[in-house]
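To keep things clear, I will list the structure first and then write my remarks on it.
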Amino acid sequence: MESTKQGKSRVLIGLQYGDEGKARVLDKIIDDADVVARFNGGANAGHTLVVGNKSIALHMIPSGIFHPEIKLYVGSGCVVNPEKTNKEIEEIEDLGISLSRRLYFAANASLVQPHHILLDGILGKGIGTTNNGIGPAYADKALRIEGKRIKNLRVADFFANPTLAYSIVKENIEQAIESYSISGINTAKLATKFVEETKGLEQYYCPNPLFLENMAMSGKNVFFEGAQSVMLDVVTGTVPYVTSSRTIAAAAYTGGDLSMKYHSQTIGVAKAIMSRVGNGPFISEFGGRRSEDYCAMDGGNNYKREVESNYDLEKLLKSEDLLEVGIGLRILGNEYGATTKRPRRIGMLDLVMLRQNCLLNSVDALYINKFDCLNDYKRTSLPGIPIVTAYRLNGKIIDYMPVATEDCSRTEPVVEYLPHLSQDISNVRNYNDLPIEAKDAIAFIENKIGTKIYGIGVGPEREQFVNIGGNKE
Ligand code: IMO
Ligand code: MG
């Protein structure tokens with residue numbers, strides 16, 4: 001007789017603007033997972049994994065590559081760039097890791113076509129996109145057909161008829177070239193390359209939409225890994241400065257090909273000093289609008305790490321100008337994009353946003369990375385660790401993030417200062433060894449947001465982590 005044991009499914013999401021260190025938390029708690037699945041986004045994600053002396057930034061393949069028994073699934077809510085995916089597979093195999101019979105692409109997932117990337121390069125500048133063709137790919141998915149032209153191509157459509165796929169892709173490139181007067185493109189070559197790259201993925205094609213459901217039914221555990229983060233959600237994020245997919249926890253069950261009945265836990269990941277790449281509202285940003293403009297200069301390419309590392313760090317940190325303090329904290333925290341290398345905008349921990357996102361995503365367990373960075377505030381002239389605990393909009397205190405961009409820009413953060421940490425915590429591994437100021441900060445955050453903190457990151461290395469769940473006295 002078949003076993004009656006049902007699998008469980010967990011969802012891990014970022015609660016701020018991305019880059020909270022989702023992959024390292026996943027890596028800490030992945031143990032009982034049988035499959036790690038992506039449900040949104042594409043190669044715009046940048047998930048850095050470190051194991052021993054091996055390090056790799058994953059963009060399309062789910063984290064979990066270092067665990068050979070864990071399967072990797074890319075769900076139907078994703079958009080897949082074949083060329084980038086093949087490159088990534090190669091990089092992973094160069095580390096001595098095999099993906100054969102481990103990696104699966106959903107039949108319903110859409111392919112990022114060459115014209116999507118061409119268009120993103122032209123149209124995505126106002127947002128500061130990652131140039132992965134994400135917006136145009138999701139737009140074409142919603143558009144479906146334009147006149148007689150098929151716009152959206154799924155993995156299944158491709159393998160059902162690669163010859164037809166070739167002509168669809170070619171026509172779409174031609175249309176883009178014509179509409180935007182793009183020159184220097186060899187359409188046939190680009191379309192042929194796309195077809196070859198996609199054929200290269202054939203061994204990973206998963207034709208059966210019941211794949212995850214069957215696994216869960218037979219007792220296997222599914223771990224959904226969110227890409228981007230909830231403030232970048234295309235509906236409830238800081239629209240229009242968002243990505244084009246749904247990034248909230250519930251999206252795991254619309255883009256992940258599993259029914260909701262297996263859901264058992266939602267894990268949220270945040271960062272103790274926040275960051276954002278690309279444009280858009282960021283109420284707790286150091287230096288506000290000036291920082292946004294500074295970081296956006298030359299598409300984000302003006303102030304990369306190599307440039308800022310020559311600055312006088314102590315002078316920046318001690319500055320009365322919060323823009324400069326932010327730059328200093330960025331250098332100390334090494335906050336530069338994993339995908340694009342752009343400088344990330346830096347801001348105070350914002351508990352209004354964090355509370356809202358924990359509530360709306362029913363977060364059961366919260367992890368906060370870069371807790372050690374709170375000690376960097378000691379090197380500034382700020383009177384303590386700044387934490388945003390409320391907003392003021394048009395003279396009124398509010399406890400939610402305004403929806404309109406204009407309202408966000410009029411919103412002032414209400415800041416409370418917690419006592420500086422009395423010692424560096426990057427070598428601490430147990431909750432009990434944390435200085436009292438860190439324990440108090442943890443309690444303060446939990447109190448304000450009504451969600452339990454299960455762990456904190458205290459440095460970039462894999463073992464620089466303090467597990468808290470259940471260990472508190
Ligand atoms: P992970 O998974 C941080 C941002 C881009 C841009 C906006 C839209 O590593 O947290 P897109 O290319 O998606 O159309 O860009 O969203 N963005 C991210 N920021 N982390 C990410 O992924 C991001 N993916 C997209 O910077 O502002
Ligand atoms: Mg990233």
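Summary of values
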{"read-out": "The one condition in (1) basic (Lys, Arg); (2) open to solvent by 40 Å² or more (accessible area, probe 1.4 Å); (3) touching an Asp or Glu at 6+ places or on another chain (Cβ under 9 Å) that Lys341 fails to fulfil", "value": "(3)"}
{"read-out": "Residue count for segment 1-25, restricted to those that are within 16 Å of ligand 1 (Cβ to nearest atom) and farther than 16 Å from Gly459 by Cα", "value": "8"}
{"read-out": "Neighbours by Cβ (under 7 Å, 6+ apart or cross-chain): first from segment 184-210, touching a residue at least 12 places away in the same chain (Cβ under 8 Å) and under 17 Å from Val80 (Cβ atoms); second open to solvent by 40 Å² or more (accessible area, probe 1.4 Å) and part of a loop (DSSP other than H, G, I, E, B)", "value": "Gln203/Ser100; Pro209/Asn108"}
{"read-out": "So Lys5, is it more than 16 Å from Gly256 (Cα to Cα) and away from ligand 2 (no atom under 13 Å from the Cβ)", "value": "yes"}
{"read-out": "Matching residues, segment 280-295, being on the phi < 0 side of the Ramachandran plot and more than 16 Å from ligand 2 (Cβ to nearest atom)", "value": "Pro281, Ile283, Ser284, Glu285, Phe286, Arg289, Arg290, Ser291, Glu292, Asp293, Tyr294"}
{"read-out": "Which numbered condition Gly299 fails, given (1) of a type in the set (Gly, Ala, Ser); (2) touching a helix residue (DSSP H, G or I) at 6+ places or on another chain (Cβ under 9 Å); (3) surrounded by fewer than 17 Cβ atoms within 10 Å (Cβ to Cβ)", "value": "(2)"}
{"read-out": "Helices (runs of 4 or more DSSP H) lying entirely in segment 347-463 (those with 1 or more residues that are under 29 Å from Thr48 (Cα atoms) and either open to solvent by 20 Å² or more (accessible area, probe 1.4 Å) or in contact with a strand residue (DSSP E or B) (Cβ under 9 Å, 6 or more places away or on another chain) (or both))", "value": "351-360, 436-449"}
{"read-out": "Condition met for Thr243 (away from ligand 1 (no atom under 16 Å from the Cβ) and either open to solvent by 30 Å² or more (accessible area, probe 1.4 Å) or not basic (Lys, Arg) (or both))", "value": "no"}
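Yes or no, residue by residue, for (1) within 13 Å of the chain's Cα centre (by Cα); (2) at positive phi:
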| site | (1), (2) |
| --- | --- |
| Phe211 | no, no |
| Gly219 | no, yes |
| Val234 | no, no |
| Thr238 | no, no |
| Arg246 | yes, no |
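The values are calculated or read from the model by the stated rules, or taken from the named source; none is laboratory data. A quick note: this is a predicted structure, and the numbers were derived from the prediction, not measured. Note: ideal-geometry Cβ built from the backbone for every residue, glycine included; neighbour counts use all protein chains shown. Each accessible area value is taken on the protein alone, full model and side chains, heavy atoms only, with ligands, DNA and RNA left out. Shrake-Rupley method; radii C 1.70, N 1.55, O 1.52, S 1.80 Å.
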